[in-house]
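Here is the structure we will look at.
The values are calculated or read from the model by the stated rules, or taken from the named source; none is laboratory data. As the structure is a computational prediction, the values presented were derived from the model and not from experiment. FYI the Cβ positions are ideal-geometry reconstructions off the backbone, even for glycines, and counts take in every protein chain you see. Surface areas here come from the heavy atoms of the whole protein model, side chains and all, with no ligands, DNA or RNA. Shrake-Rupley method; radii C 1.70, N 1.55, O 1.52, S 1.80 Å.
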Amino acid sequence: MKATLTIDKDHQIGNIDRRIYGSFIEHLGRAVYGGIYEPTNNNADECGFRRDVLDMVRELNVPIVRYPGGNFVSGYNWEDGIGDKSKRPRKMELAWLSVETNEVGVDEFQEWAKRVGSEVMMAVNLGTRGPDEARNLIEYCNSDTDTYYANLRRKNGFEKPFGFKLWCLGNEMDGDWQICHKTADEYGRVATEAAKVLKWVDPSIELVACGSSDPNMPTYGEWERTVLDHTYDYVDYLSLHCYYGNKAKNTPDFLARAEDMDKFIKNTAKICDEIKAKKNSDKTLMLSFDEWNVWYRTKDEEKTAQRWQIAPHLLEEKYTFEDALLVGCMLMTLQNNSDRVKVACLAQLVNVIAPIMTENDGGAWRQSIFYPYMYASLYGNGVALNTSCEVNSYKSSEGWDIPYLYTSSIYNSENDEIVVFAVNRSLDEKIELDIKLEGYELCSHIELYSSELDASNEMGNERIKPEERKVSRGEIALKEHSWNMLIFKR
Ligand code: AHR
């Protein structure tokens, strides 16, 4: 089939905030222990961090990492994870029914984040705890005063404050699975009071209030309205979370989930603007899509797994090539909403629904979803463009018209180049793409393709990996069910 994409670099959506290429490390399964940290591994550095994982995270150029949860944060006592490791308590961790040794806490995580060149997006516990512990935590992390918690940090070996700039006010407080789940009014009140004390300790920070944990939550919409009624003046972002799956084994429908994500973002932005108008506010609230990914094969695993294990194998989703196509599309959705989405976190980063997998005391490998994420983070920088695309569509089972070609186009003024990301969602037809773009020529075409949608990578066998296609003048061919990156230069 043929498609025409018309690009004009003056038709701009918005500047891409690099933080949309963020990720997430939670104390869950083997994300921390056996993932980023494993002192017994041959490849561990002097802090116990796995060098192979450090290198792969650096390849991804991750700007910011959310920590320490997730559901975990709603039962977490941050003081358990600081200071002398031999004195740290072992605790029953109720979000994932595991044992938490607290060998890694904020002291270690900030060091790990420095080593990979990422900022930390720190979450506070608004489940079992509240504003008091949150203000102590931010004093510990960000303050240079001569006061108890800042001095405790110094005593633990960190003279300089960690300086975390972005903070989450709890996690998924709308879900009844959350430790100390709250109604929207209860959460709105506690989030407001926590926001006030956090910003009094450090006025330079930005805050994220919890939106819905999924667009299909029965409280979606009302939750946002009530929470924002309380918090609008005190926070900078509202969070969105969403995971998609293909249980029905319907690939066309699965690949259409990118449209669903787009709708979720646009509807949530409208709700924020409704409250903005109601409050006659001058502030436009931005969005933090701080959990997104494909996740369905290992959902609810913690309910059947053996309880009270240290670092059990949980949520170790084995990603297929088909998953990489949707992850590629979801990244484009984030780019195409760069006027409102300023932060986003691929959930998660290592071992737990992750692009990077490890063996205990062994090696590491890249899953299929590693690549669309890596290329978006490395090349998807600049201004997202509004383009027009003529191409055939198919019907999703909801009856939506889904164009076979899904794209995002980004103008990078520094390199004077235009980068186009494109997924051909047809399962059996290639697309001959005609790009109308004056003054620029195609100079690079990277393709991610597998003839088998269910193929996946394994330790020692990374068969799904991108290839550089030969560039020739004239039309561009995008293989059936393929992910592509095209770079145009003057
Ligand atoms: O990312 C896994 C879990 O998914 C997180 O802990 C939670 O916030 C969400 O439900």
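Quick notes on this one:
- Taking the Cα centre of the chain as reference, the dipole from Cβ charges on Lys and Arg (+1) and Asp and Glu (-1) amounts to some 320 debye.
- Excluding same-chain neighbours fewer than eight residues apart, the aspartates and glutamates reachable from LYS2 by a Cα-Cα span under 14 Å are GLU390, ASP428, GLU429, GLU432, ASP434, GLU475, GLU480.
- Solvent accessible area, Å² - PHE164, 1.4 Å probe, full protein context: 10
- Accessible-area order (highest first, 1.4 angstrom probe) of the listed residues THR407, THR145: THR145, THR407
- Distance between modelled label sites at SER204 and GLU59, nm, 7 Å Cα→Cβ extension: 3.4
- Percentage relative contact order, region 18-381, counting C-alpha pairs under 8 Å, at least six apart: 22
- TYR406 accessible area, 1.4 Å probe, all protein chains in place, Å² to nearest 10: 30
- For GLY69, nonlocal amide neighbours, meaning residues 5 or more places apart or on other chains whose placed amide H falls under 5 Å from its own, are ALA123.
- Hull-based mean projected area of region 110-188, where the convex hull spans the alpha carbons, in square nanometres: 6.2
- At full extension, ALA277 and GLU458 could sit 60.0 nm farther apart than now, given 0.36 nm per residue minus the alpha carbon distance.
- Taken one residue at a time, the phi angles of region 168-179 give Karplus couplings (6.51, -1.76, 1.60, θ = phi - 60°) of 9, 8, x, 9, 6, 6, 7, x, 6, 6, 6, 4 Hz. Gly and Pro are set to x.
- Once the 1.4 Å probe is applied to the protein heavy atoms, the chain comes out at 39 Å² accessible per residue.
- DSSP beta bridges confined to the chain are antiparallel in about 60 percent of cases.
- Taking all protein chains as they are arranged and a probe of 1.4 Å, the heavy atoms of ASP144 leave approximately 110 Å² accessible to solvent.
- Rounded FRET efficiency, nearest 0.05, which uses the C-beta distance separating ASP176 from GLN306 and R0 of 25 Å: 0.55
- Spatial separation of Cα centroids for region 205-283 and region 432-452, in angstrom: 33
- Cα centroid separation - region 16-62 against region 118-194, whole Å: 22
- ³J(HN,Hα) computed for each position of region 22-30 - Karplus, 6.51 cos²θ - 1.76 cosθ + 1.60, integer Hz, glycine/proline x: x, 9, 8, 10, 10, 6, 7, x, 10
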